[in-house]
Amino acid sequence: MDILINLLPHIVNGLSLGLLFGLIALGFMLIVGVMELINLAHGSLFALGAYFAMTIINPDLSSWGAIGAWYVSLPLGFRYFLGLVIGAFLVALVGMGLEVCMRRTYGKKAEYGLLLTFGAALVIEETIRITWGSGEQFLPVPKMMSGAFIAGDMIYSTYRFYAAGFGAFMIFVVWLFLEKTPFGAMIKAGAHDSEMVRALGVNLTRLRLYVFAFGALLAAIAGIILTPIWGLRPHVGVDVVIPAFLIIVLGGIGSFWGAIIAGVLVGLVVAIVGAYASQWSLMSMYILLIVVLTFRTRGLLGKKSTLEN
Amino acid sequence: MNQRVAQSSNPLLTNDSGEHSHRVALTTQKTAIITKQMICMFIILGTFPLWSEWVGLYNYLGAEIAIWIIYALGFNLLLGYTGLPSFGHGAFFGIGAYAYGLTQLGIIESVWAGIFFSVLAGGIAAAVVACFISHRRGIYYALMTIAFGQIFWFTSMRWHTLTGGEDGLLNIHRGELNLGFFSFSLSETSSLFYFIFAIVMLVTVGLWRLVHSPYGKALQAIRMNEMRARFLGYNVWLIKWSVFMISGAIAGLAGGLFALVQQSAYPDVMSLHASGLIVMLTLIGGGFVSYWGPVLGAIVFFMARDTLGAMTETWLLWYGLMFMLVIIFKPEGIAGLWQDLMKRREKRQLKVNGSTENASGEAK
């Protein structure tokens with residue numbers, strides 16, 4: 001019993017972390033599921049979204065005179081909201097551009113897509129370095145959401161809970177979208193049998209473009225929500241894409257709930273290991289992956305996928 | 001039937017059943033041990049210290065390029081010949097470097113022992129990893145190599161007492177190279193370069209032989225169609241396992257040499273970034289279509305780093321863009337471009353020959 005009480009805060013921590021991991025993996029999962037493409041640039045789009053939002057929230061408008069002064073005087077909450085929406089939208093545009101570049105690799109081996117997005121990740125990261133510098137930066141959050149509260153004898157950050165709640169909300173929205181809308185049905189059908197969907201008169205080329213844009217949008221939203229917790233550096237993308245990749249494979253490629261379960265599982269493992277051996281917490285997830293994949297070759301809830309060839 | 005009996009007496013060509021005549025067909029083409037391209041490369045690389053300063057480069061760069069040529073050639077055995085994308089190869093490079101450093105600092109100050117242990121450590125680590133991944137293909141293979149690469153990288157960062165943490169092992173002396181009858185100091189960069197160059201020659205010739213052996217043909221059969229290779233009677237798992245181990249051992253060798261040159265070993269070379277760079281470098285050079293792809297790739301990469309890097313601080317951006325363009329428009333890389341050029345010339349030659357024949361025919 002004692003152990004359970006001691007563990008409780010770590011479990012709460014782990015659950016919130018797991019929801020955040022799930023949020024990161026959402027956009028990644030969408031692109032993998034529909035296009036059977038591993039988007040290694042996911043993490044860079046994540047970082048790019050956060051940088052865009054940061055610039056929108058706290059722009060350097062000294063040369064704009066009155067308009068600039070007016071904008072900066074707007075409440076932070078409003079600017080934060082603006083940053084979230086516009087930043088995510090801009091990243092969706094970048095994602096569309098990337099998808100257009102990807103087109104020549106369709107129908108070839110999956111490695112080409114992987115390599116192309118690796119190159120894209122490098123390019124985006126270097127662009128961030130040039131534009132915003134390579135130092136650690138700070139993404140402000142509205143006052144309402146910052147601060148901390150005490151429960152039991154642990155101090156929790158308020159923002160973390162908002163973020164986890166938002167993660168759960170986004171997971172729910174994406175689930176609704178995939179399950180309850182005709183667009184979602186089209187996406188899933190396109191993943192299942194693209195030729196048939198094309199024959200039914202769906203413009204698959206455009207569908208792929210939108211799906212990629214949507215995936216990029218989700219990456220950017222995750223970035224804007226998460227960087228206040230994890231800090232904003234140009235190479236935050238690499239730190240993020242690997243857990244996302246890992247969660248998808250752990251959950252099973254093409255499985256929505258598999259990814260969410262895997263996200264929560266990874267969150268719990270990282271938090272609990274972190275409580276006892278903090279240095280090794282991030283490594284525990286790789287070991288988890290290897291253990292699971294050794295026994296369940298397609299992940300927890302995975303189905304057969306063309307990526308195996 | 002007679003042929004079959006003769007064949008099964010050769011253990012290299014047969015397995016237990018001894019009736020895979022296609023293997024004979026695969027091995028009948030003779031390949032020269034040393035080719036024109038090889039001599040060309042050896043001459044260009046071997047004379048590097050003579051002309052490097054003249055074109056504004058420096059000797060140390062030659063040593064670096066030579067090490068990465070070894071690394072990339074070993075890597076391409078996996079990527080180009082067997083079609084297995086490893087995104088965690090930096091781990092074996094790093095393990096080789098640490099093994100070299102630990103041998104020098106902890107056991108014995110000998111270049112040969114260091115290199116021996118770096119090859120051994122790289123090979124053993126790769127053999128263990130290969131046990132977990134050899135039944136996999138494609139993206140899952142890539143992912144598992146990433147996961148293992150990250151584990152090794154993490155361990156090297158955290159295991160302070162052994163690896164020195166993020167700073168790594170420092171003060172590894174270059175020492176003396178004992179050749180039996182005489183020994184010379186490796187502290188001078190040009191003697192160091194020639195030592196590494198000798199190893200490059202050995203590795204180049206050795207791998208060239210390997211990829212043109214029946215084993216090398218089996219690797220290519222696996223790349224083209226793994227299932228077909230299995231149906232033809234190859235033990236695909238064992239071949240994939242062994243090629244990963246060989247590739248890891250060569251990466252370990254390169255890593256050991258890297259520690260010798262840098263006089264230190266640190267975890268940076270094991271990161272995902274560094275592992276990705278070797279993939280990029282091999283592909284830009286054209287590892288998919290040519291044995292020489294990785295060599296070209298290593299040369300282009302370091303030249304780009306030094307020339308572009310001198311002009312702008314953002315050379316990685318340009319290199320990344322170049323890589324994207326290569327993947328989009330010419331996945332066969334520089335070697336592929338070269339082959340296209342040669343083919344076009346050949347065609348033109350044929351056309352010219354054809355037209356002269358026609359002309360002479362008309363004259364008759």
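Place a +1 charge on the Cβ of each Lys and Arg in segment A:8-300 and a -1 charge on the Cβ of each Asp and Glu, then give the dipole magnitude about the Cα centre in debye, rounded to the nearest 20.
Working: 16 positive and 12 negative charges, 94 e Å.
Computed about the Cα centre, the dipole is about 440 debye.
Under the definition of partner shielding as Cβ atoms of other protein chains within 10 Å of a residue Cβ, what is the mean value for peptide B:325-332?
Details: counts 3, 3, 15, 8, 1, 0, 8, 0.
Shielding by partners across B:325-332 averages 5.
Which FRET efficiency value, to the nearest 0.05, is calculated for A:Ser157 and A:Leu93 with the Förster distance at 35 angstrom and r the Cβ-Cβ distance?
Working: r = 32 Å, r/R0 = 0.92.
Taking R0 as 35 Å, the efficiency between A:Ser157 and A:Leu93 is 0.60.
Run the dipole for segment B:2-314 about the Cα centre, Lys and Arg Cβ at +1, Asp and Glu Cβ at -1, nothing else charged, and hand back the magnitude in debye, nearest 20. It would help to have the intermediate numbers written out before the result.
Details: 15 positive and 13 negative charges, 283 e Å.
It works out to roughly 1360 debye.
Would you mind getting me the FRET efficiency between B:Glu53 and B:Ile108? Use the beta-carbon distance for r and R0 = 45 Å, nearest 0.05.
On the way: r = 35 Å, r/R0 = 0.79.
So the FRET efficiency works out to roughly 0.80.
Placing +1 at every Lys and Arg Cβ and -1 at every Asp and Glu Cβ, with all other atoms neutral, what dipole size does the protein assembly as shown have around its Cα centre, in debye to the nearest 20? Each step should come with its number before you reach the end.
On the way: 41 positive and 32 negative charges, 456 e Å.
Dipole of the protein assembly as shown, to the nearest 20 debye: 2200 debye.
Among bridges DSSP assigns within the protein assembly as shown, what percent are antiparallel (round to 5)? Working shown, then result.
Details: 9 of 9 bridges.
Antiparallel bridges make up about 100 percent of those DSSP assigns within the protein assembly as shown.
How big, in percent, is the set of alpha carbon pairs in segment A:8-300 lying more than 29 Å apart? Walk me through the numbers before you get to the answer.
Numbers: 15177 of 42778 pairs.
Taking all Cα-Cα pairs of segment A:8-300, the fraction more than 29 Å apart is 35 percent.
Taking the Cα centre of the protein assembly as shown as the origin and placing charges on Cβ (Lys, Arg +1; Asp, Glu -1), which of A:Met170, A:Val238, A:Leu268 is farthest toward the positive end of the dipole?
Comparing the listed Cα positions along the dipole, A:Met170 ranks first.
Report, in whole Å, the centroid distance computed from the Cα atoms of segment B:308-324 and segment B:145-181.
Result: 29 Å between the Cα centres.
Give the longest segment of chain A that steers clear of chymotrypsin sites (Phe, Trp or Tyr not before Pro) in DSSP loops with at most 15 neighbouring Cβ atoms within 10 Å, not counting the sites themselves.
Details: sites that count: A:Tyr106, A:Phe138.
Longest gap between qualifying sites, sites excluded: A:139-309.
Expressed in nm to one decimal, what extension gain is obtained for the pair A:Phe169 and A:Leu200 from 0.36 nm per residue of sequence separation less their Cα-Cα distance?
Working: separation 31, 0.36 × 31 = 11.16 nm, distance 3.31 nm.
So the chain would gain 7.9 nm between A:Phe169 and A:Leu200.
Would you list B:Met342, A:Met186 from fewest to most Cβ contacts within 10 Å?
On the way: B:Met342 10, A:Met186 19.
Ranking B:Met342, A:Met186 by Cβ neighbours within 10 Å, fewest first, gives B:Met342, A:Met186.
Give me the tail of P(r) for segment A:75-195 as a percent: Cα-Cα pairs with distance above 19 Å. Spell out each step's value before the answer.
Details: 5162 of 7260 pairs.
Of all Cα-Cα distances in segment A:75-195, 71 percent exceed 19 Å.
At 7 Å along Cα-to-Cβ for each site, give me the label-to-label distance between B:Met224 and B:His173 in nm.
It works out to 5.4 nm between the two label points.
For segment B:119-205, place one equal point scatterer on every Cα, skip the solvent, and apply the Debye formula. What is log10 of I(q)/I(0) at q = 0.14, 0.18, 0.21 Å⁻¹?
Summing over Cα pairs of segment B:119-205 leads to -0.83, -1.01, -1.05.
Among A:Gly95, A:Ala66, A:Leu76, which residue has its Cα positioned farthest towards the positive end of the charge dipole of segment A:60-122, with +1 placed on the Cβ of Lys and Arg, -1 on the Cβ of Asp and Glu, and the dipole taken about the Cα centre?
A:Gly95
Let's test the formula: R0 of 56 Å, r as the Cβ-Cβ distance of B:Ser264 and B:Asn353. What FRET efficiency results, to the nearest 0.05?
0.45
Among A:Tyr156, B:Leu170, A:Thr55, which residue has its Cα positioned farthest towards the positive end of the charge dipole of the protein assembly as shown, with +1 placed on the Cβ of Lys and Arg, -1 on the Cβ of Asp and Glu, and the dipole taken about the Cα centre?
Comparing the listed Cα positions along the dipole, A:Thr55 ranks first.
Starting from 0.36 nm per residue, how many nanometres of slack lie between B:Tyr215 and B:Leu202 once their C-alpha separation is accounted for? Kindly include the intermediate steps, with their values, before the conclusion.
Numbers: separation 13, 0.36 × 13 = 4.68 nm, distance 1.87 nm.
Separation in residues times 0.36 nm, less the Cα-Cα distance, equals 2.8 nm.
When every alpha-carbon pair in segment A:153-309 is counted, what percent end up more than 24 Å apart? Write down the numbers at each step before the final one.
On the way: 5354 of 12246 pairs.
Everything past 24 Å amounts to 44 percent.
Mind giving me the nanometre distance, one decimal, between the label points for B:Trp237 and B:Ser191, set 7 Å out from Cα along Cα→Cβ?
Computed distance between label sites B:Trp237 and B:Ser191 equals 5.0 nm.
Roughly what would the spin-label model give for B:Thr35 and B:Asp340, points 7 Å off Cα along C-beta, in nm?
Distance between label points: 2.1 nm.
Taking all pairs of different Cα atoms in chain B, averaging 1/r and flipping that mean, what Kirkwood radius in angstroms comes out?
Numbers: mean 1/r = 0.0453 Å⁻¹.
Hydrodynamic radius (Kirkwood, Cα only) of chain B equals 22.1 Å.
For segment B:237-364, what is the convex hull volume of its Cα atoms per residue in Å³?
Values: hull volume 25.2 nm³, N = 128.
In segment B:237-364, the Cα convex hull volume per residue is 197 Å³.
In whole Å, what are the Cα extents of the protein assembly as shown along the three principal axes, biggest one first?
For the protein assembly as shown, the Cα extents along the three principal axes come out at 86, 70, 61 Å.
Within 10 Å of each Cβ in peptide A:103-116, how many partner chain Cβ atoms are there on average? Round it to a whole number, please.
Values: counts 1, 4, 3, 0, 0, 2, 5, 5, 14, 4, 2, 8, 12, 7.
Taking all residues of A:103-116 together, the mean is 5.
Every number here is computed from the coordinates shown, using simple stated rules; none is lab data. Being a predicted model, the structure only gives us computed values, none of them experimental. In this analysis, Cβ positions are derived from the backbone assuming ideal geometry, glycine residues included, and neighbour counts consider all displayed protein chains.
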